[in-house]
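**Q** Dropping a structure here in structure tokens format, bear with me for questions.
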């Protein structure tokens, strides 16, 4: 099976390269699916052009419907440490008499710039690392989210849309040097929880608002044919790519993974932008690293949504283990402290034992057998910490030598 998988991916790359314009920057990103490799697009435009930028690389979707209720989200990475003001990667209107654009404010911040109002995604939000940005308008209020956290709120909504472009600004005179992936446009205001739950995984028809999805640029191996970037929403809102020659190539790593289907509840990630802060928790499990991860190293993890407590274990010295299990998909090499909040993981409301009574279990597949990998190092409240765990692709659970789980 491994040999077949390797052969299949090689041939996907060969076939894909034969249908692309020679210099389009389309790069591999991690996917656990055997059927379709994933990529990102690099809009590697310079920071010099300020007029007659007709040769810049951009994509355009014909669009004639004004929207006052919408959600726009994507993964973005700047190719420059501090792009000049107005260098944009997404816009909804040409020229700047209407609509909005997502750009640089010239002061290390991603920004939403519109005729109705302006707001940034927070200080130092513009970085040369992958970050997730989302704009949600509900008809009266606009909210900006940065890596799933609320970054800004404005009591205004920009509803003027006459097109969708990626790679440049509304006036077509400030093309941007950015990488983009997982571009999604909806005609509904998504909740923050919804954005957080889906930012680290590809969309599927199990999404509660899948019927409201209008545009979806997934950047898979089947996404580009000639100069057309295909819309995966089913609405045929394809983008035409212009001026694709002369785009540079480089490697990219986006923390978006298609986990095992039964482990896609509360999907979270730890990657470069997480820094040394705790990751968000997937129903009890979080991770933290001692120094920021390199871009090529990250982990995406979710759980099996089993909140029914614990079950017995056949492992020697173990009384019970959590029925909740977590699937981790690692890229590169990640060593992290794994923290498990027992009350969140199992619903346990009693006392907690010494950390050494708890064991981190691991198995390589859904129906494989668990083995012991780490003993608890510290306890704080209901949280047990397993220090310096070399994360592997597979499934984790927590076990206890007594009944306090």
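Since every read-out is calculated from the coordinates, none of them should be taken as a lab result. The structure presented is a predicted model; accordingly, all values stated were derived computationally and were not measured. Cβ sites come from the backbone with ideal geometry, for glycine too, and all protein chains shown count toward neighbours.
**Q** Work out how much length residue 388 to residue 333 would gain on full extension: take 0.36 nm times their residue separation and subtract the Cα-Cα distance, in nm to one decimal.
**A** Here the answer is 18.6 nm.
**Q** So if I take the centroid of the Cα atoms in the stretch 269-337 and the same for the stretch 54-118, what is the distance between those two points in Å?
**A** Computed from Cα coordinates, the inter-centre distance equals 35 Å.
**Q** Also: Treat the count of other C-beta atoms within 10 Å as a stand-in for reagent exposure and order 389, 288 from fewest to most.
**A** 288, 389
**Q** Still on this structure, I have one more. Taking the beta-carbon count within 10 Å as an exposure proxy, list 362, 90 from fewest neighbours to most.
**A** 362, 90
**Q** Taking 0.36 nm per intervening residue step and subtracting the Cα-Cα distance, what contour gain separates residue 118 from residue 50 on full extension?
**A** That pair, residue 118 and residue 50, stretches by 22.3 nm at full extension.
**Q** OK, next. Give me the extension gain from residue 308 to residue 377: residue separation times 0.36 nm, minus the current Cα-Cα distance, reported in nm with one decimal.
**A** Result for the pair: 22.3 nm of gain on full extension.
**Q** Counting other beta carbons within 10 Å of each Cβ, put 270, 195 in order, fewest first.
**A** Least to most surrounded, the residues fall as 195, 270.
**Q** Express in whole angstrom the spacing between the alpha-carbon centres of the stretch 188-206 and the stretch 144-169.
**A** The two parts, judged by their Cα centres, are 16 Å apart.
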